[in-house]
Amino acid sequence: MSMKTASTVLIAACVGVATSYLSLSSSHQAGAKMLMSAQQLRRGNAIDDTSIVGDVSALPYHGNMTLASISPYELHFPQWSIDHFMKKKSPTFADYYPPKEKEICLVHVGKSAGYAIACALGWDSPGCKRNNDTRYDDLLLPKYTTKWFHAGLYDCFEDSAYYMFIVRNPLDRAISAFNYEKPLDNDWERMKRKHGKEYYHYRKELYLDCFDTIEQLAQDGLAKQNGKDRTLCEHRAETAIDGSGRFGNQLFFNFQWHLEAVPKGARIMTIRTEHLVEDWNSAEYIVGDGKNKEALGKNQTVIPHTNVNTYTAEKNKEVSDESSVLLCERLCNEIQVYKHILKVSINLSEDQVQQSIDELAVSCPIEAESTSCNTPLPDITDKLFAKRGYDEGARLDSFTGEIVVGRSHF
């Protein structure tokens, strides 16, 4: 049975809802070229190099494995490497082995202060500048957060104890994401030389060919044209904002993607961009078993302010009230996913969740209050296969009933 056929059967069997995560039957492991299944991507197996499936001498860290150096993504795809900054290097952070029941996967949703949080957690993320006087001795999150999931790089163990999301008001995130994908000084040729034709092509289709600003995208791409067929650029506007079309990374790898990519039933904590210190402290309280409630004070120097877009003109970051309405409407499903993440977060109280919904209601009042949308939640099964760490080498075994497609938290 082909992957596509098997996935169709399984999705139908689940009444259209994607569930659980992919695992490989024993008969298919040999043909997967050391592709690590979800069950095999566990910390316990990875630390003991003799238990890793396949020829361990071929693995990049054989004989010198530390928790910081092990990359679940690279074990899954030996032919690929994660970004260098996604591995902790400083002994202050890299040499600590947290208890397994405390281990945290950082889930970094783009344009939500993720690099700043990653820096505070011990990674040398882009723009990371730590205060030399900052003490980390009493902080738990930098010690317990060992792996990182961002966009198409899922570098976490499948049995992580917690998944800590970094989130932001969906409208603010979308505006920031749109602007962030444009090249510095609008130099598209430089972008092509630096990042390659494919990277350039994704962005050219939305920006050069259609929309220069987020205001233009909303007005020319999302406004309803009664009785008229949607143009190609209008279609691109719609699919860019809801994440179903790829014109870069920041909008494509959205809240829905990050939520559906983590294991079903995962214990989720959340740090809200608008309440960084408060949520850091509540996460410390959870993993500290009721201690460390005031880990960061008001004058904290742990969380830096990094990776800020300083090159987009301020006027291009702003949208009119009319455009906000159009963007919020298209972001409706994203907003529902965002609210869901907040509601299932074990470190947030009901009051804190409502606080964020009230803040969202200032810009997106209808979507903040509603629980459904005019358009269905996009089916991202193909995206999960392509980017979550599954590839053509994996074959689904629908006979056992153990292998299913995608994930669902709804």
Sorting Cys328, Cys233 by accessible area (1.4 Å probe), largest first, what list results?
Cys233, Cys328
Show the residues, 5+ positions off or on another chain, whose built amide H is closer than 5 Å to the amide H of Met164.
Cys105, Leu106, Val107, Met269
Cα centre as origin, Lys/Arg/Asp/Glu Cβ charges: the stretch 126-218 dipole, Debye
280 debye
Compute, for Tyr97, the solvent-accessible surface of its heavy atoms (probe 1.4 Å) with the complete set of protein chains present, and express it in square angstrom to the nearest 10.
100 Å²
Normalized C-alpha radius of gyration of the stretch 244-392, against 2.2 N^0.38 Å?
1.19
As straight-line cross-link partners of Lys87, the qualifying aspartates and glutamates (C-alpha separation under 16 Å, not fewer than 8 residues apart within one chain) are Glu74, Asp95, Glu103, Asp124, Asp155
Sorted by accessible area (1.4 Å probe), largest first, how do Ser90, Ser372 line up?
Ser372, Ser90
Radius 15 Å from Cβ of Glu322, net charge of other residues (Lys, Arg +1; Asp, Glu -1)
-3
Charge tally in the Cβ shell below 12 Å around Cys119, where Lys, Arg are +1 and Asp, Glu are -1, Cys119 excluded:
+2
Mind grabbing the accessible area of Cys373 for me, 1.4 Å probe, Å², rounded to tens?
40 Å²
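The values are calculated or read from the model by the stated rules, or taken from the named source; none is laboratory data. Keep in mind that this is a model prediction, so the values were computed, not measured. Glycine also receives a Cβ, built like all others from the backbone with ideal geometry; neighbour counts cover every protein chain displayed. Calculation scope for accessible area: heavy atoms of the full protein, side chains included, ligands and nucleic acids excluded. Shrake-Rupley method; radii C 1.70, N 1.55, O 1.52, S 1.80 Å.
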